[in-house]
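Down below is the structure, laid out as structure tokens.
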Amino acid sequence: MPLIVQKFGGSSVANAECIHRVAGIIAETYSEGNDIIVVVSAQGATTDELIAKAKEINPAHSKREYDMLVSAGEQISAALLAMALEKIGLPVISLLGWQAGFVTNSSYTAARIKKINKDRVAAEIDKHRIVIVAGFQGINKYDDITTLGRGGSDTSAVALAAALHADKCQIFTDVEGVYTTDPRKVTGAKKLEEITYDEMLELATLGAKILNNRSVEMAKKYNVKLEVLSSVKRASGTIVKEAIKMEKMLIRGVTNDTDIARISVLKLPDNPGIAFKLFSKLAANKINVDIILQSVGRDGTKDITFTVHNSHGEKAIASVLEAFPNLTKENVVIDTDVAKVSIVGAGMETHPGTASQMFEALFSQNINIQMISTSEIKISVLVEKKDADKAVSAIHDSFFPEEK
Ligand code: ADP
Ligand code: ASP
Ligand code: MG
């Protein structure tokens with residue numbers, strides 16, 4: 001029998017009505033002669049609420065206890081969905097991450113899956129039971145519960161699809177697929193029929209939270225056929241795969257990320273080895289650096305500016321001062337009032353003029369560009385945070401004009 005993995009996000013299981021609707025989708029897929037593994041997220045805003053509770057009790061809580069707490073959200077939705085399926089007479093069993101064999105490393109709150117011991121799930125599937133797995137969680141070598149980072153249920157689903165060689169992995173969510181930009185923010189956003197793994201990976205990494213970027217990375221690695229579709233409206237969604245038919249589309253999507261900090265290090269000596277010293281210290285302290293800009297040296301000094309995830313801002317400043325003890329705090333300036341706006345598309349590789357079209361759209365709105373970075377399939381600019389949404393709309397309108 002074909003095996004399908006179906007993942008339902010938080011809004012898809014937010015309340016009883018949603019859960020019964022999801023049970024209906026699963027029942028239909030099962031009645032069509034498929035075996036099914038279902039991965040669920042916590043209901044609605046449960047994870048956010050649990051995080052708020054943790055902060056209320058002890059803002060300095062350990063990461064281990066955070067994982068112990070937030071993993072509870074998925075336990076609730078897994079059991080409730082199993083009960084909804086029991087109600088309509090289907091054979092079903094719910095499992096927590098560890099019961100489904102998810103073994104992770106010990107990076108609490110952002111654990112990586114090391115392997116999946118698939119025997120239990122495989123045995124249940126052999127009995128043609130519908131297996132519901134609590135997403136976002138696993139167990140480490142100390143038998144502690146770990147979680148995979150926000151949005152990690154997507155990764156749980158893809159990992160199961162890869163481990164059990166599922167025929168496809170369907171990610172059900174609250175929009176109808178992957179769009180050219182966030183359809184909740186830009187009304188003219190268009191649904192994509194297909195997108196490549198590489199493009200989807202860039203979009204997800206650059207801020208489009210429709211899919212967790214690790215899930216896309218894993219889908220590409222194990223060639224998992226991914227489909228993103230709505231749990232509310234029955235319609236075809238977006239297929240994510242290796243190669244797609246080339247459409248005329250120059251770019252595939254526009255996205256932004258507001259969780260960014262820009263750090264400027266002023267008056268560094270203009271000598272060889274300075275950038276090496278700075279970035280090796282940041283790397284040693286496990287800080288990922290994104291866009292980098294260095295000024296031309298003048299009067300024996302130069303400035304280096306770079307961006308990091310804003311949760312790493314303070315740690316980055318401390319690392320700079322560690323690397324250059326002669327600098328004072330005045331030499332290291334942080335700005336978190338910034339956003340990174342990006343366009344992604346394999347088509348731009350062969351199209352000169354993509355960057356200028358993006359910059360013209362920003363100019364038309366009088367938006368200043370602070371930094372620029374490019375790769376074969378993406379261009380990112382750093383702008384003031386207040387301009388982020390306006391920038392996305394202007395760029396989107398320019399590349400995807402309304403059809404008249
Ligand atoms: P789930 O709870 O199902 O995992 P998420 O909230 O994580 O859902 O992701 C779905 C949301 O992603 C959508 O509601 C939409 O606002 C947002 N989103 C951002 N960028 C895009 C995009 N390019 N295409 C579709 N949705 C997007
Ligand atoms: N419930 C977790 C979160 O909110 C995992 C997920 O939804 O994928 O981040
Ligand atoms: Mg999600």
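Quick notes on this one:
- For the stretch 19-89, GluC sites (Glu not before Pro) are listed when DSSP marks them as loop and at most 12 other Cβ atoms sit within 10 Å of their Cβ; the list is Glu32.
- Residue order, fewest to most surrounding Cβ atoms within 10 angstrom, among Thr147, Thr301: Thr301, Thr147
- Under 5 Å, built H, 5+ apart or other chain: amide partners of Tyr179: Leu192
- Sites Glu376 and Lys209 - FRET efficiency at Förster radius 22 Å, r taken between beta-carbons, to 0.05: 0.40
- With the simple model of a label 7 Å out from the Cα in the direction of the Cβ, Lys233 to Val289 spans 4.5 nm.
- Lys7 long-range amide H proximity, modeled H, under 5 Å: Val39, Gln170, Ile171, Phe172
- Applying the Karplus relation 6.51 cos²θ - 1.76 cosθ + 1.60 with θ = phi - 60° to the stretch 260-267 yields 3J(HN,Hα) values of 10, 10, 9, 10, 10, 10, 9, 6 Hz, where x marks Gly and Pro.
- Between Phe276 and Lys385, the distance separating the two model label sites (each 7 Å from Cα on the Cα→Cβ line) works out to 3.7 nm.
- Burial ordering of His309, His351, fewest other beta-carbon atoms within 10 Å first: His351, His309
- Considering only Thr187, Ala166, Tyr197, and ranking their Cα positions along the charge dipole of the stretch 117-197 that arises from unit charges at the beta-carbon of Lys, Arg, Asp and Glu, the one farthest toward the positive end is Thr187.
- Every pair of different Cα atoms in the chain enters the Kirkwood calculation, which places the hydrodynamic radius at 22.8 Å.
- In plain terms, the chain from Phe363 to Ser311 could stretch by 15.7 nm, reckoned as 0.36 nm per residue minus the Cα-Cα distance.
- Expressed as a whole percent, the proportion of Cα-Cα pairs in the stretch 266-322 lying more than 16 Å apart is 40%.
- Placing a label point 7 Å from the Cα of Glu28 along the Cα-to-Cβ direction, the residues of the stretch 215-234 whose backbone N falls under 11 Å of that point are 230-234.
- In terms of Cα atoms, the Rg and Dmax of the stretch 27-106 work out to 15.8, 50 Å.
- Remark: relative contact order (the chain) = 13 percent; criterion is Cα-Cα distance under 8 angstrom and separation of 6 or more residues.
- Counted residue by residue at 0.36 nm each, then reduced by the alpha carbon distance between them, the extension gain from Arg120 to Tyr142 reaches 5.9 nm.
- Here's how it looks for Val92: its modeled amide H is under 5 Å from those of Ile130, which are all 5 or more places away or on a different chain.
- Contact order relative to length of the stretch 135-214, as percent, for alpha carbon pairs under 8 angstrom and 6 or more apart: 22
- Our coupling estimate for the stretch 210-215, obtained by passing each phi through the Karplus curve with A = 6.51, B = -1.76, C = 1.60 and θ = phi - 60°, is 4, 10, 5, 5, 5, 5 Hz, Gly and Pro reported as x.
- With R₀ set to 30 Å, the beta-carbon distance separating Asn15 from Ala52 gives a calculated FRET efficiency near 0.95.
- Of the trypsin sites (Lys or Arg not before Pro) found in the stretch 254-313, the ones in coil according to DSSP and having at most 11 other Cβ atoms within 10 Å of their Cβ are Lys286.
- Expected 222 nm ellipticity per residue - DSSP helices of 4 or more, -39500 (n - 2.57), all of the chain, to 500: -10000 deg cm²/dmol
- Principal-axis analysis of the Cα atoms of the chain puts helix 388-399 at an angle of about 80° to the longest axis.
- J(HN,Hα) series, the stretch 320-336, from Karplus relation 6.51 cos²θ - 1.76 cosθ + 1.60, nearest Hz, glycine and proline x: 4, 5, 5, 6, 10, x, 6, 6, 10, 4, 5, 7, 10, 10, 10, 9, 9
Every read-out reported here was derived from the displayed coordinates using simple, explicitly stated rules and does not represent laboratory data. As the structure is a prediction and not an experimental result, all values here were calculated from the model. Glycine also receives a Cβ, built like all others from the backbone with ideal geometry; neighbour counts cover every protein chain displayed.
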